[in-house]
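Remarks on the structure that follows.
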Amino acid sequence: GSASARWKVRPPLSAERREAVRDRSRRDRRRTAVLRARTAARGGITTEAWHAKRFEMATLFRIARRYDGMRLPWRASDRAPSSAVRACAERCTIHDASYLRMLLLQGAGDGLLSVLGQVTDAPRAALRRLLGEGGAARELPCTLHQLGAWPLGAIAPVRLLCLAGGGEPCA
């Protein structure tokens with residue numbers, strides 16, 4: 001072969017031929033637009049490709065055999081601990097563990113209602129519903145404040161979770 005044949009420009013492909021050629025390589029199959037279109041065609045969430053790398057996906061809301069349902073992130077793949085351990089071995093690291101603290105409050109319903117009313121910005125009616133009767137777990141997002149310093153003394157956003165069993169009151 002001659003050296004000039006090496007530098008020839010290929011003629012442009014027609015749209016039909018371009019689609020047939022595009023599916024040949026893995027890189028072309030994994031293009032962002034292709035992934036998004038494939039996810040949208042199945043009725044999945046738009047960030048499914050991102051989540052599939054980091055979570056175990058579960059198919060929920062399966063209605064019939066013909067409908068696959070929606071694939072949602074179910075549980076983390078736990079890849080982060082290995083990278084965190086590697087980072088600790090190689091560099092100086094600081095871990096802020098203040099993002100999650102669980103507190104168990106027990107007592108009479110009126111006492112809990114009074115205390116929570118003084119340190120949170122949750123409406124009284126919402127607190128009464130949370131502490132009322134019912135067997136299901138209920139959650140109320142609100143902000144924790146310093147005692148008697150509402151609305152200025154905000155500490156952190158919190159979620160009040162009432163776990164009652166068998167229809168008895170949470171308190």
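At-a-glance table
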| item | result |
| --- | --- |
| Candidates A84, A149, A125 - the one that is at pLDDT 85 or above and either hydrophobic (A, V, I, L, M, F, W, C) or loosely packed, with under 10 Cβ neighbours inside 10 Å (or both) | A125 |
| Given (1) surrounded by 11 or more Cβ atoms within 10 Å (Cβ to Cβ); (2) modelled with pLDDT under 85, index of the condition I94 fails | (1) |
| Enumeration of residues in the stretch 47-69 that are at pLDDT below 75 and either loosely packed, with under 11 Cβ neighbours inside 10 Å or farther than 30 Å from S82 by Cα (or both) | L60, F61, R62, I63, A64, R65, R66, Y67, D68, G69 |
| Tabulated pairs, the stretch 144-166, first within 17 Å of P123 (Cα to Cα), second of a type in the set (D, E, K, R) and at pLDDT below 75, C-beta under 7 angstrom, 6+ apart or interchain | C162/R138 |
| Residue count, the stretch 1-46 (criterion: at pLDDT 70 or above, in a helix (DSSP H, G or I) and either of a type in the set (G, A, S) or in contact with a Phe, Trp or Tyr (Cβ under 8 Å, 6 or more places away or on another chain) (or both)) | 6 |
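The values are calculated or read from the model by the stated rules, or taken from the named source; none is laboratory data. Predicted model only: the values in this text are computed from it and were never measured. When we count neighbours, we look across all protein chains shown, and the Cβ atoms used for this are built from the backbone with ideal geometry, even at glycine.
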